[in-house]
1. How big is the C-alpha Rg of region 41-80 next to the rule-of-thumb value 2.2 N^0.38 Å, as a ratio?
2. Using a cut-off of 15 Å between beta-carbons, work out the net charge of the residues near Ser48 (Lys and Arg +1, Asp and Glu -1, Ser48 not included).
3. Using a simple spin-label model with points 7 Å from Cα along the Cα→Cβ vector, what separation in nm is obtained for Leu8 and Glu44?
4. Sort 26-32, 40-46 for me by packing, meaning the mean count of neighbouring Cβ atoms within 10 Å per residue, highest on top.
5. Within the accessible area of the chain, what % is carbon and sulfur when the probe is 1.4 Å and the other protein chains stay in place?
6. Rounding to the nearest 20 debye, state how big the charge dipole of the chain is about its Cα centre with +1 on each Lys and Arg Cβ and -1 on each Asp and Glu Cβ.
7. Compute the convex hull volume of the Cα atoms of region 1-79, divide it by the residue count, and report the result per residue in Å³ as a whole number.
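The values are calculated or read from the model by the stated rules, or taken from the named source; none is laboratory data. Just so it is clear, the structure is predicted and the values come from calculations on it, not from any experiment. So basically every Cβ, Gly included, is an ideal-geometry build from the backbone, and we count neighbours across all protein chains shown. These accessible areas exclude ligands, DNA and RNA; they are computed on the full protein's heavy atoms, side chains included. Shrake-Rupley method; radii C 1.70, N 1.55, O 1.52, S 1.80 Å.
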Amino acid sequence: MSPDAQRLAERFLIQSNEEAFSALEKECGEPEPGCDEWFRADVEQALSDKSPGISHEQVMQEIAELLTSARKKQRLKESA
């Protein structure tokens with residue numbers, strides 16, 4: 001992709017995100033008082049967390065297993 005095309009794509013994405021955010025802001029209204037402080041504290045807590053992370057692959061495997069189990073239960077329920 002040429003640099004000009006990349007800049008145009010980036011500008012388009014930024015504009016699309018700003019429009020989507022504005023629409024969401026109009027739909028949801030102003031955030032509740034204290035929301036910003038709560039969010040910032042939550043982010044700080046997450047950033048300071050030193051526990052070992054979980055790989056994307058592991059999470060995806062666990063989700064796949066949960067979905068498979070839920071589908072089996074649903075099939076058993078439907079056949080009963």
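1. Working: Rg = 16.9 Å, N = 40, 2.2 N^0.38 = 8.9 Å.
Scaled against compact globular proteins, the figure is 1.90.
2. -1
3. 4.5 nm
4. 40-46, 26-32
5. On the way: 4620 of 7900 Å².
Here carbon and sulfur together make up 58 percent of the probe-accessible area.
6. Values: 10 positive and 17 negative charges, 156 e Å.
Around 740 debye, computed over the chain.
7. Taking only Cα atoms, region 1-79 has a hull volume of 272 Å³ per residue.
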